[in-house]
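A short write-up of the structure that comes next.
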């Protein structure tokens, strides 16, 4: 079993999750207080984006950790790998990971 061992990365992911948890509590409060469905829907969208970005960040930290363990790059390779991983994270963050829901049965 592989775990995320970089303490800074672990803390970053945990902090992102705590923020998302606060957003979810906010959605619950909005529902309890009878807020409009449109406003609640907007907050659901924000929570989903926060969780998606947290998942992506955790995945990229894991990839960096594993690549460094397996490849053991020198300083020049490490710089190139960091650039490649940042580019990959940027590309993946722009990908539409949700499929459109077909309203036809």
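Does residue 26 meet the test of being part of a helix (DSSP H, G or I) and out of contact with any helix residue (DSSP H, G or I) (no Cβ under 9 Å at 6 or more places or on another chain)? In short, no.
Out of the residues in the stretch 53-76 that are over 14 Å from residue 4 (Cβ atoms) and surrounded by 14 or more Cβ atoms within 10 Å (Cβ to Cβ), state the one that is modelled with the lowest pLDDT. Taking the candidates together, the pick is 73.
Among the residues making up the stretch 11-39, those that are closer than 29 Å to residue 91 by Cα and either free of Cβ contacts under 8 Å to residues at least 24 places away in the same chain or in contact with a strand residue (DSSP E or B) (Cβ under 6 Å, 6 or more places away or on another chain) (or both) are 11, 14, 15, 18, 21, 22, 24. Just a yes or no: is a residue in the stretch 3-14 more than 13 Å from the chain's Cα centre (by Cα), assigned to a loop (DSSP other than H, G, I, E, B) and over 26 Å from residue 60 (Cβ atoms)? Taking every residue of the stretch 3-14 in turn, none turns out to be more than 13 Å from the chain's Cα centre (by Cα), assigned to a loop (DSSP other than H, G, I, E, B) and over 26 Å from residue 60 (Cβ atoms).
The values are calculated or read from the model by the stated rules, or taken from the named source; none is laboratory data. The structure presented is a predicted model; accordingly, all values stated were derived computationally and were not measured. All Cβ positions, glycine included, derive from the backbone under ideal geometry; neighbour counts span all protein chains shown.
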